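Worksheet: the structure to be examined is printed underneath.
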There are 2 protein chains.
Amino acid sequence: MKLNQNYANLQESYLFLTIAKKVAAYTEAHPDNHIIRMGIGDVTQPLVPAVIEAMHKATDEMAHKETFHGYSPDQGYDFLREAIQGYYAKRGVALKLSEIFVGDGAKSDVGNIVDIFADDNTVLIPDPVYPVYVDTNVMSGRKVIYLDANEQNGFLGMPDENVKADIIYLCSPNNPTGAVYNRAQLKAWVDYALKNNAVILFDAAYESFITHDDLPHSIFEIEGAKKCAIEFCSFSKTAGFTGVRCGYTVICDELVSDGTKVNTLWARRQATKFNGVNYITQRAAEAVFTDEGQQQVKDVINYYRANAKVMVDAFKEMGVWFTGGENSPYIWHKVPDGMTSWEFFDYLLNEAEVVGTPGSGFGKNGEGFFRLTAFGTLEKTQEAMERLKKLLKK
Amino acid sequence: MKLNQNYANLQESYLFLTIAKKVAAYTEAHPDNHIIRMGIGDVTQPLVPAVIEAMHKATDEMAHKETFHGYSPDQGYDFLREAIQGYYAKRGVALKLSEIFVGDGAKSDVGNIVDIFADDNTVLIPDPVYPVYVDTNVMSGRKVIYLDANEQNGFLGMPDENVKADIIYLCSPNNPTGAVYNRAQLKAWVDYALKNNAVILFDAAYESFITHDDLPHSIFEIEGAKKCAIEFCSFSKTAGFTGVRCGYTVICDELVSDGTKVNTLWARRQATKFNGVNYITQRAAEAVFTDEGQQQVKDVINYYRANAKVMVDAFKEMGVWFTGGENSPYIWHKVPDGMTSWEFFDYLLNEAEVVGTPGSGFGKNGEGFFRLTAFGTLEKTQEAMERLKKLLKK
């Protein structure tokens, strides 16, 4: 047999491996260290009581013949899709149940969505970016062009009529930069996509961190988006499901290419290469949308937001340029003049015992920047910011 | 954007939809019916106590910060991979942990494995067969050739040196025929694959139904298989996890193509397009391998096996040709002379109120055959066989 040769074109990803090695070496040399980890985008707070209760109840159902559940419906149980439908309705977005696909997380769906598109599409991907967008397209041999996100445009790249793209990835609130598109900016992207017969793959995994009322949580809040966008969302950051695995993808009937509904292709893809999400997990996700569940997950998000606020205040006080923090669990800041992202990583580890993520690991435009996350504890976040202030305050 | 045009070459799958419609129409016309359903391959017995206990315990861990689990390791937790490793060791198959990939079910992995192979491989697929093998290759535009399985070869096709194939799908115990390859037959396939530089994709989802001690549960029990095979297995039928979603795929380091370890490509694929299995589910799967769990899941399988035995005895008594039943939850039998599979479906529904699956739905060689499953209750299985005997006994 012959292997997929496109895999040879993937860049080896040593980012988190290198971080782990450097931290291990430091720890060995300094056994009495007090390292604070702000590098990883994983949550740390436990699942909320409403979710735990739903899980225990569903587990008990699985223990009895009369209430046992076998294979899930391909697109997910109606009870969960109705809850998601209700969540969108609150923002004025009307969806049919058949337009909602329950999956095992945004990463799987964002990765697998490329299956339904031809290999000769041109793909536009922001730089810096979550590496999955690039890697999944390199794996299928697609032409990738980059959208420059940088200090000048606040890390929110905008469409350029001179650039022709068929598939456009947008992530808002952004990983890694925390920057968020406003309505006018998203409208410009929708207009570009409609004019150029392009599709926008909109990653909304961090939407629940948005605090400003005027910022869109869903691209479908923008007129015309149903005709040109696919939206990916997740319970990972909304409800701490990183270790539970559940997300959803929305493809409206209005998204049509050459007379074919894109929804139909994804439905066929999922029916063929996926077999539904765990029943207990779907009941847990349903519980997130109850009044009790919504209040509880908001409390957890507010905990992380308070951390982000501590970081935002510290960076403002230090006078260091940054994006994110207000509508996102990430702070993306400039490193001191003359340092690379990795030099700053070493500096911060050695001088302040704080671990973050070098921006250059997310693309060339990330060089000179650094990502810190708000997913730790309040006490450690405060302590880390005190250490940074001593180091960086001008 | 352009869609993947290969999807237009997929055959629409109306098999289970048509069955559902016919059953609904019959039910409406006969409100007082006593239909027995033996058509679907889903399990009906609840999860065993050891699994339920593990799930409750893991759920409680997720409720507390100190024991909460976020993202799973890409290939699964060591505790589960060690349990799987131990399960293989009992059959004399030594595996490294890095050769075991925990996934969300055999269907996902069997479907997604095509990602790592070039599109210009020739694929050999048995007929009749589980439709996923064909559809996933049609989706990527690969050339598919068919391996005839029929009454003459006991629905166990064997290699033909005149046929050149790069990727070979084998499913044993087979879905839909219940036929099982013996060691000599699998050895012939391994020899063919090694000689022709082909890879065998071995679907062992039904291995736990094997009762005869001399039949192989894993292709890795055959010498040389580590150099030419990938094995897919699942907890769906072993432990009733169809609604829980967990499986595992084994790719040994010895499987190399042009100097590249296939294991490395699959690891990269999974790290990019998958984000691990639910922690609670992995703990549940671990519990399947404890002494208590093994005994409990064996009891459930023995329940289904007893149903299969009732079916085997009935078909022997009726003198109707069949495969399966002894080492499989499926009975695959000939329909009466002069009838098509669909005609027999209608006949059985109308005359005996028993629902099965027409063999022609699994490929052209399935015409004239019919699949019945052992996943019902003992009482209904016995009743169904009494009705069949009245109808078919010569």
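Could you go through the stretch B:101-119 and let me know if any residue there is away from chain A (no Cβ under 14 Å), touching a residue at least 12 places away in the same chain (Cβ under 8 Å) and under 28 Å from residue B:224 (Cα atoms). Checking the stretch B:101-119: at least one residue is away from chain A (no Cβ under 14 Å), touching a residue at least 12 places away in the same chain (Cβ under 8 Å) and under 28 Å from residue B:224 (Cα atoms). All conditions in (1) out of contact with any strand residue (DSSP E or B) (no Cβ under 6 Å at 6 or more places or on another chain); (2) part of a loop (DSSP other than H, G, I, E, B) hold for residue A:157, with the sole exception of (1). Taking the criterion of being charged (D, E, K, R), within 13 Å of chain B (Cβ to nearest Cβ) and either in a helix (DSSP H, G or I) or touching a strand residue (DSSP E or B) at 6+ places or on another chain (Cβ under 6 Å) (or both), the only residue of the stretch A:161-194 that qualifies is A:166.
If you take the residues in the stretch B:232-286 that are part of a strand (DSSP E or B) and hydroxyl-bearing (Ser, Thr, Tyr), which one is farthest from residue A:17 (Cα to Cα)? If we take residues in the stretch B:232-286 being part of a strand (DSSP E or B) and hydroxyl-bearing (Ser, Thr, Tyr), then B:234 is farthest from residue A:17 (Cα to Cα). Taking the conditions exactly as written (open to solvent by 10 Å² or more (accessible area, probe 1.4 Å), facing chain B (nearest Cβ under 10 Å) and within 20 Å of the chain's Cα centre (by Cα)), does residue A:65 satisfy them or not? Judged against the criteria, residue A:65 is not a match.
Remark: pairs (first residue in the stretch A:47-62, over 17 Å from residue B:245 (Cα atoms) and more than 7 Å from every other protein chain (Cβ to nearest Cβ); second residue part of a helix (DSSP H, G or I) and acidic (Asp, Glu); Cβ separation under 6 Å; 6+ apart in sequence or on different chains) = A:50/A:292. Return yes when residue A:379 is among the acidic types (Asp, Glu) and farther than 15 Å from residue A:38 by Cα and no when it is not. When the stated conditions are applied, residue A:379 does not pass them. Note on the stretch A:120-134: among residues that are open to solvent by less than 20 Å² (accessible area, probe 1.4 Å) and facing chain B (nearest Cβ under 9 Å), the one that is modelled with the highest pLDDT is A:121. Among the residues of the stretch A:164-181, those identified as open to solvent by less than 50 Å² (accessible area, probe 1.4 Å) and more than 21 Å from the chain's Cα centre (by Cα) are A:165, A:166. Return yes or no: is residue B:43 in contact (Cβ under 8 Å) with a residue 12 or more places away in the chain, on the phi < 0 side of the Ramachandran plot and in a helix (DSSP H, G or I)? It is false that residue B:43 is in contact (Cβ under 8 Å) with a residue 12 or more places away in the chain, on the phi < 0 side of the Ramachandran plot and in a helix (DSSP H, G or I).
Determine whether residue A:351 is over 23 Å from the mean Cα position of the chain (by Cα), outside any strand (DSSP E or B) and free of Cβ contacts under 8 Å to residues at least 24 places away in the same chain. No. Take residue B:88 and decide whether it is closer than 21 Å to residue B:357 by Cβ, touching a helix residue (DSSP H, G or I) at 6+ places or on another chain (Cβ under 9 Å) and either at pLDDT 95 or above or small (Gly, Ala, Ser) (or both). Considered against the rule, which asks whether it is closer than 21 Å to residue B:357 by Cβ, touching a helix residue (DSSP H, G or I) at 6+ places or on another chain (Cβ under 9 Å) and either at pLDDT 95 or above or small (Gly, Ala, Ser) (or both), residue B:88 comes out as no. When you go through (1) free of Cβ contacts under 8 Å to residues at least 40 places away in the same chain; (2) over 21 Å from the mean Cα position of the chain (by Cα); (3) buried (at least 17 other Cβ atoms within 10 Å of the Cβ) one by one for residue B:184, which number turns out not to apply? In the conditions (1) free of Cβ contacts under 8 Å to residues at least 40 places away in the same chain; (2) over 21 Å from the mean Cα position of the chain (by Cα); (3) buried (at least 17 other Cβ atoms within 10 Å of the Cβ), residue B:184 misses (3) alone. Does residue B:379 fit the bill of being among the acidic types (Asp, Glu), open to solvent by 10 Å² or more (accessible area, probe 1.4 Å) and under 22 Å from residue B:156 (Cβ atoms)? For residue B:379, the condition - among the acidic types (Asp, Glu), open to solvent by 10 Å² or more (accessible area, probe 1.4 Å) and under 22 Å from residue B:156 (Cβ atoms) - is not met.
Here residue A:10 meets each of (1) open to solvent by 90 Å² or more (accessible area, probe 1.4 Å); (2) under 23 Å from the mean Cα position of the chain (by Cα); (3) under 30 Å from residue B:124 (Cβ atoms) with one exception, condition (1). Restricting the first member to the stretch A:193-221 and to residues that are more than 25 Å from residue A:309 (Cβ to Cβ) and small (Gly, Ala, Ser), and the second to residues that are buried (at least 18 other Cβ atoms within 10 Å of the Cβ) and at pLDDT below 95, the beta-carbon pairs closer than 7 Å and six or more apart or on different chains are A:198/B:1.
Going by what's in this entry, would residue A:320 be described as touching a residue at least 24 places away in the same chain (Cβ under 8 Å), touching a strand residue (DSSP E or B) at 6+ places or on another chain (Cβ under 6 Å), assigned by TED's automatic domain parsing to the domain that holds residue A:381 and more than 30 Å from residue A:60 (Cα to Cα)? Yes. Only residues that are polar (S, T, N, Q) and part of a loop (DSSP other than H, G, I, E, B) were counted in the stretch B:368-394, giving 1.
Regarding the stretch B:206-225, can at least one residue be identified that is open to solvent by less than 10 Å² (accessible area, probe 1.4 Å), under 30 Å from residue B:341 (Cα atoms) and among the charged types (D, E, K, R)? Within the stretch B:206-225, one or more residues are open to solvent by less than 10 Å² (accessible area, probe 1.4 Å), under 30 Å from residue B:341 (Cα atoms) and among the charged types (D, E, K, R).
So how many residues does the stretch B:27-40 have that are in a loop (DSSP other than H, G, I, E, B), among the aliphatic types (A, V, I, L, M) and more than 24 Å from the chain's Cα centre (by Cα)?
Of the residues in the stretch B:27-40, 1 are in a loop (DSSP other than H, G, I, E, B), among the aliphatic types (A, V, I, L, M) and more than 24 Å from the chain's Cα centre (by Cα).
Which of the following residues is part of a loop (DSSP other than H, G, I, E, B), assigned by TED's automatic domain parsing to the domain that holds residue A:35 and open to solvent by less than 50 Å² (accessible area, probe 1.4 Å): A:307, A:365, A:327?
A:327
Can you name every residue in the stretch A:1-26 that is assigned to a loop (DSSP other than H, G, I, E, B) and of a type outside the set (Asp, Glu)?
Residues of the stretch A:1-26 that are assigned to a loop (DSSP other than H, G, I, E, B), as a first pass: A:1-2, A:4, A:10-14.
Hits for the stretch A:1-26 are A:1, A:2, A:4, A:10, A:11, A:13, A:14.
Checked against (1) open to solvent by 60 Å² or more (accessible area, probe 1.4 Å); (2) at the interface with chain A (Cβ under 9 Å from one of its Cβ atoms); (3) more than 23 Å from residue A:280 (Cα to Cα), residue B:16 passes all but condition (2). Residues in the stretch B:241-262 that are β-branched (Val, Ile, Thr) and open to solvent by 10 Å² or more (accessible area, probe 1.4 Å): B:256, B:260.
Within the stretch A:68-91, the set of residues being open to solvent by less than 70 Å² (accessible area, probe 1.4 Å) and part of a loop (DSSP other than H, G, I, E, B) comprises A:68, A:69, A:70, A:72, A:73, A:75, A:76, A:77. Among the residues of the stretch B:105-141, write down those that are part of a loop (DSSP other than H, G, I, E, B) and not small (Gly, Ala, Ser). Once the filter is applied, which keeps residues that are part of a loop (DSSP other than H, G, I, E, B) and not small (Gly, Ala, Ser), the stretch B:105-141 yields B:119, B:120, B:121, B:128, B:129, B:130, B:131.
Within the stretch B:135-151, the set of residues being touching a Leu at 6+ places or on another chain (Cβ under 9 Å) and either surrounded by fewer than 22 Cβ atoms within 10 Å (Cβ to Cβ) or within 14 Å of chain A (Cβ to nearest Cβ) (or both) comprises B:135, B:138, B:139, B:144, B:145, B:146, B:147. Scanning the stretch B:96-120 for residues that are more than 22 Å from the chain's Cα centre (by Cα) and among the hydrophobic types (A, V, I, L, M, F, W, C) yields B:97, B:118.
The values are calculated or read from the model by the stated rules, or taken from the named source; none is laboratory data. The model shown is predicted, which means the values in this text are computed figures rather than measured ones. No Cβ is skipped: glycine too gets one built from the backbone with ideal geometry, and neighbour counts run over all protein chains shown. For accessibility, only protein heavy atoms count, side chains too; no ligands or nucleic acids. Shrake-Rupley method; radii C 1.70, N 1.55, O 1.52, S 1.80 Å.
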